Amino acid sequence: MKITEITKASIKQKEFIAKESAKKLEAIISDFRERYKNSQSKQEFYSDTIRQCWSILFGKIPNEVPDEKGIRPILWRGGFFERWQLKTIQSYAYYKKIGKEPSYIYTTTPDYPADEIGCYVYTEALWNYLRWLKRFSVRKGAKKIRAEKNFYEYLHHDKRELLAKRLKEEFNKEKGKGLALMRKVLEENQPPLLIIPDGEITSFFDSMKNFLDGNIGCLNGFKDFKYINEKHNTAFGKTKQRINNLLVKLV
């Protein structure tokens with residue numbers, strides 16, 4: 001294909017992906033709302049849904065797929081993933097994460113999308129779904145999961161209360177930068193161990209302050225912390241290792 005033809009095909013495929021992923025996102029959110037409404041444990045259902053999204057987009061792909069105990073689909077057309085589909089989904093998600101343009105299949109027309117294009121549509125929908133979930137508790141018209149939360153409720157782990165206890169033991173003398181790095185490590189773990197919904201940073205800080213029973217510095221210093229790789233990389237690595245050591249002991 002000539003460069004101009006590739007460019008035209010790319011534009012058409014972007015438009016197709018945007019249109020179809022919007023439809024898919026609407027269906028996924030509708031399904032979530034219905035199941036959330038009927039859930040007996042809304043907080044657990046919410047947390048599990050976020051972990052499920054992250055496992056699809058970034059989780060370790062099991063050696064054998066489908067794997068009932070591994071990565072569970074969310075409204076996927078086939079009911080389960082094939083290995084190549086997960087690889088395609090996670091490859092597309094990786095480009096989204098680092099802020100680069102995903103590669104497209106220029107030899108395929110939007111009128112007859114290849115299976116890979118279907119994976120791209122699904123990934124785009126799931127990516128936006130995860131962003132929507134982070135805003136869910138403060139969205140207009142949506143019921144808040146809890147008006148006030150304990151520190152451990154922001155954690156996403158099967159043993160989150162025990163994880164919170166271990167974090168307290170490990171970081172109870174930290175403040176300011178040390179806690180900001182702890183937050184960064186927890187949020188960037190795949191899947192994330194910490195998710196602070198939009199609009200809840202103050203509530204999270206207060207819950208952490210109460211949980212750690214000490215002077216942890218000021219809110220502005222915590223939320224406005226700017227990570228500079230050249231300056232903070234060593235401390236970040238040490239913090240990550242400390243948290244990894246805690247996780248190993250939780251198993």
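The values are calculated or read from the model by the stated rules, or taken from the named source; none is laboratory data. Just so you know, these numbers come straight off a predicted model, no measurement behind them. So basically every Cβ, Gly included, is an ideal-geometry build from the backbone, and we count neighbours across all protein chains shown.
Within segment 209-235, being under 21 Å from the mean Cα position of the chain (by Cα) and crowded, with 18+ Cβ neighbours inside 10 Å holds for no residue.
Any idea which of ILE56, ILE61 is modelled with pLDDT of 75 or more, aliphatic (A, V, I, L, M), within 19 Å of TYR95 (Cβ to Cβ) and assigned to a loop (DSSP other than H, G, I, E, B)? I'd like the intermediate steps shown before the answer.
Values: ILE56 fails: assigned to a loop (DSSP other than H, G, I, E, B).
So the residue among ILE56, ILE61 that is modelled with pLDDT of 75 or more, aliphatic (A, V, I, L, M), within 19 Å of TYR95 (Cβ to Cβ) and assigned to a loop (DSSP other than H, G, I, E, B) is ILE61.
Evaluated against (1) modelled with pLDDT under 80; (2) surrounded by fewer than 17 Cβ atoms within 10 Å (Cβ to Cβ); (3) assigned to a helix (DSSP H, G or I), ASP111 falls short on exactly one condition, (3). For segment 169-187, state whether one or more residues are under 25 Å from CYS53 (Cα atoms) and surrounded by fewer than 17 Cβ atoms within 10 Å (Cβ to Cβ). Yes; the residues of segment 169-187 include at least one that is under 25 Å from CYS53 (Cα atoms) and surrounded by fewer than 17 Cβ atoms within 10 Å (Cβ to Cβ).
Listed by first and then second residue, the pairs with beta-carbon distance under 7 Å, at least 6 apart or on different chains, first residue in segment 40-64 and free of Cβ contacts under 8 Å to residues at least 60 places away in the same chain, second hydrophobic (A, V, I, L, M, F, W, C) and assigned to a helix (DSSP H, G or I), are ILE61/LEU86. Consider segment 208-251 and keep the residues that are assigned to a loop (DSSP other than H, G, I, E, B) and among the β-branched types (Val, Ile, Thr). The one that is nearest to LEU163 (Cα to Cα) is VAL251.
Among the residues of segment 169-207, write down those that are part of a helix (DSSP H, G or I) and of a type in the set (A, V, I, L, M).
Let us first name the residues in segment 169-207 that are part of a helix (DSSP H, G or I), namely 169-171, 177-188, 201-207.
Those that are part of a helix (DSSP H, G or I) and of a type in the set (A, V, I, L, M): LEU179, ALA180, LEU181, MET182, VAL185, LEU186, ILE201.
Going through TYR154, TYR227 one at a time, which residue ends up being hydroxyl-bearing (Ser, Thr, Tyr), in contact (Cβ under 8 Å) with a residue 24 or more places away in the chain and more than 23 Å from TYR46 (Cβ to Cβ)? Full working, then the answer.
Details: TYR154 fails: more than 23 Å from TYR46 (Cβ to Cβ).
None of the others qualify; the one that does is TYR227.
Taking segment 153-164 only, how many residues are buried (at least 16 other Cβ atoms within 10 Å of the Cβ) and assigned to a helix (DSSP H, G or I)?
Our first condition is that a residue be buried (at least 16 other Cβ atoms within 10 Å of the Cβ); within segment 153-164, this holds for 153-157, 160, 163-164.
Then drop every residue that is not assigned to a helix (DSSP H, G or I), which leaves 153-154, 160, 163-164.
Result for segment 153-164: 5.
Of all residues in segment 133-152, those satisfying the criterion of being at pLDDT below 85 and in a helix (DSSP H, G or I) are LEU133, LYS134, ARG135, PHE136, SER137, VAL138.
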